[in-house]
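All remarks here apply to the structure that follows.
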Amino acid sequence: MPYCPRCRCEYAPGVMRCPDCGVLLRDLPPKRPPRRPPIFIEDLYVPGAALLTLLVSAGLLYLRLAAEWGQVPEPFGSMVRAQPPCFTAFYAIATAAAAAILALGFLNWLIRRD
Ligand SMILES: [Zn+2]
């Protein structure tokens, strides 16, 4: 059975290269048990974007609500209050959607980890 010398995963006969690591497989058995699969930068795109969206949208929602309650100093408070009311709904929806994406990603990670 071919094995990857880097991640030490086992592959079916005929597979020449590890699809995760890109290195040529060897026929020697691994000396140690397989490591967890490496984390690729591509795996962090969605949670990173969701976290950034959550932080920005929650901050804008907080700023919007604080301006409505008179907690933001002038003239910045009146500038924020001049935004259309639909912006509040947009900030809330973006915050909830980003939080849901992060929560689903975390649940997926919990289910799939060893
Ligand atoms: Zn590998």
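What follows is calculated from the coordinates using simple rules that are stated; it is not laboratory data. Note that the coordinates shown come from a computational prediction; the quantities given were computed from them, not determined experimentally. Positions of Cβ are backbone-derived with ideal geometry, glycine not excepted, and every protein chain shown enters the neighbour counts.
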Neighbour cut-off at most 14 other Cβ (10 Å), DSSP loop, chymotrypsin sites (Phe, Trp or Tyr not before Pro), segment 69-100: Trp69
statement: What helix-only [θ] at 222 nm does the chain give? Using -39500 (n - 2.57) per DSSP H run of at least 4, over all residues, to the nearest 500, the answer is -17000 deg cm²/dmol
message: Using only Cα atoms and rounding to the nearest 10 degrees, what angle (0 to 90) does helix 45-68 make with the longest principal axis of the chain?
response: 10
task: Work out how much length Asp27 to Leu52 would gain on full extension: take 0.36 nm times their residue separation and subtract the Cα-Cα distance, in nm to one decimal.
output: 4.6 nm
message: Give me log10 I(q)/I(0) at q = 0.18, 0.19 Å⁻¹ for the chain, Debye formula, one equal scatterer per alpha-carbon, no solvent.
response: -0.93, -0.97
field: Residues whose placed amide H lies under 5 Å from that of Arg17, excluding near-sequence neighbours
entry: Leu25
query: Hey, with R₀ at 30 Å, roughly what FRET efficiency would Tyr45 and Met16 work out to, going by the Cβ-Cβ distance, to 0.05?
result: 0.55
query: Under a plain spin-label model, where a point goes 7 Å from the Cα along Cα-to-Cβ, how far apart in nm are Trp69 and Ile93?
result: 2.5
field: Rounded to 10°, Cα long-axis angle of helix 86-112 versus longest principal axis of the chain
entry: 20
